[in-house]
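Working notes, structure below.
The values are calculated or read from the model by the stated rules, or taken from the named source; none is laboratory data. If you're wondering where the values come from, they're calculated on a predicted model, not measured in any experiment. Note: ideal-geometry Cβ built from the backbone for every residue, glycine included; neighbour counts use all protein chains shown.
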């Protein structure tokens, strides 16, 4: 294991142990300070965030001010991630502002299952903890991190919140057969939640996103088509001390076209909903990586 990997893994391990013992106002102040220091240094991640946000709000907006809020939101996510296992169910549920929660309840209670697809916004772990807290546990996938000990710690963290976590790839590389397990969960009437606006599989669908071409994962649409479970985009944001969640309307299955064409149309429709949610809360979109194809050249 590389020294830098070992240091990163150790930092996370220490954070999960120590941060829940720190008063919340102190932890929030500390992480805002870290965010502001990173923002002032204008490193590669900050410049990428500003470039991505320019696609959303336009190049003439005050990108510096917006990226500062974006970094603070991003580091708030990490502060909360390190503290969530110590939060009570009542705290998580009472601090969640949900629109459309009945959509999840109805789909699962009727045995249809449901595919929830979301961008990297707000606090997706807290949203998952809310689902578990109201009695609707789910299955998700996670990309394999380096070092392996960090990946295992993140899996343990999310499982401690009540999620079932599947690796996106095998330890030695290649498919982890997560798709088949997800399909079985849906056929059993369960919920699955998938991060969906960034393709990590190299088999994504090209879509138009804020006026340019990007790739998004085909999995949510494919799973909905194969199992008959409804596909619902989800957007998330912060509302003061609370977490906002919106379960949007079902993405319809096209009446015409072959499987590939239907997946493409459904993924594009999902992307349009993501556009709406991100445009409404751009500071809470945590996209510090390259996303559009012309940025990957």
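Please verify whether residue 50 is loosely packed, with under 15 Cβ neighbours inside 10 Å and modelled with pLDDT of 95 or more, treating the condition exactly as stated. Criteria not met by residue 50. Might you let me know whether the stretch 277-286 holds any residue that is modelled with pLDDT under 95, over 17 Å from residue 116 (Cα atoms) and either over 16 Å from the mean Cα position of the chain (by Cα) or not in a strand (DSSP E or B) (or both)? Among the residues of the stretch 277-286, not one is modelled with pLDDT under 95, over 17 Å from residue 116 (Cα atoms) and either over 16 Å from the mean Cα position of the chain (by Cα) or not in a strand (DSSP E or B) (or both), which makes the answer no. Tallying residues that are within 22 Å of residue 203 (Cβ to Cβ) and either touching a residue at least 12 places away in the same chain (Cβ under 8 Å) or not in a helix (DSSP H, G or I) (or both) within the stretch 219-265 yields 21.
Could we say that residue 234 is crowded, with 17+ Cβ neighbours inside 10 Å, modelled with pLDDT under 95 and either under 14 Å from the mean Cα position of the chain (by Cα) or farther than 26 Å from residue 110 by Cβ (or both) here? I'd like the intermediate steps shown before the answer.
Details: crowded, with 17+ Cβ neighbours inside 10 Å: yes; modelled with pLDDT under 95: no; either under 14 Å from the mean Cα position of the chain (by Cα) or farther than 26 Å from residue 110 by Cβ (or both): yes.
When the stated conditions are applied, residue 234 does not pass them.
Among the candidates 283, 289, which residue alone is over 14 Å from residue 210 (Cβ atoms), in contact with a helix residue (DSSP H, G or I) (Cβ under 8 Å, 6 or more places away or on another chain), in contact (Cβ under 8 Å) with a residue 60 or more places away in the chain and buried (at least 16 other Cβ atoms within 10 Å of the Cβ)?
On the way: 289 fails: buried (at least 16 other Cβ atoms within 10 Å of the Cβ).
Being over 14 Å from residue 210 (Cβ atoms), in contact with a helix residue (DSSP H, G or I) (Cβ under 8 Å, 6 or more places away or on another chain), in contact (Cβ under 8 Å) with a residue 60 or more places away in the chain and buried (at least 16 other Cβ atoms within 10 Å of the Cβ) holds for just one of 283, 289, which is 283.
Do you know which residues across the stretch 104-123 are farther than 24 Å from residue 199 by Cα, more than 19 Å from the chain's Cα centre (by Cα) and in contact (Cβ under 8 Å) with a residue 60 or more places away in the chain? Result: 107, 108, 110, 111, 112.
Regarding the stretch 174-186, can at least one residue be identified that is at pLDDT below 90, out of contact with any helix residue (DSSP H, G or I) (no Cβ under 6 Å at 6 or more places or on another chain) and closer than 17 Å to residue 116 by Cα?
yes
Filtered by the rule that a residue be within 13 Å of the chain's Cα centre (by Cα) and under 19 Å from residue 165 (Cβ atoms), the stretch 185-199 gives 192, 193, 194, 195, 196, 198.
Could you look through the stretch 57-77, keep only residues that are part of a helix (DSSP H, G or I) and more than 18 Å from the chain's Cα centre (by Cα), and pick out the one that is nearest to residue 288 (Cα to Cα)? Lay out the reasoning, then the answer.
Initial filter on the stretch 57-77 (part of a helix (DSSP H, G or I)): 57, 63-77.
Within this subset, residues satisfying the condition of being more than 18 Å from the chain's Cα centre (by Cα) are 57, 63-69.
Values: 57: 16, 63: 14, 64: 14, 65: 16, 66: 13, 67: 10, 68: 13, 69: 13 Å.
Ranking the qualifying residues of the stretch 57-77, first place goes to 67.
Residues that are within 16 Å of residue 111 (Cα to Cα) and surrounded by 19 or more Cβ atoms within 10 Å (Cβ to Cβ): does the stretch 199-221 have at least one? Within the stretch 199-221 (the criterion being within 16 Å of residue 111 (Cα to Cα) and surrounded by 19 or more Cβ atoms within 10 Å (Cβ to Cβ)), the answer is no, since none of the residues qualifies.
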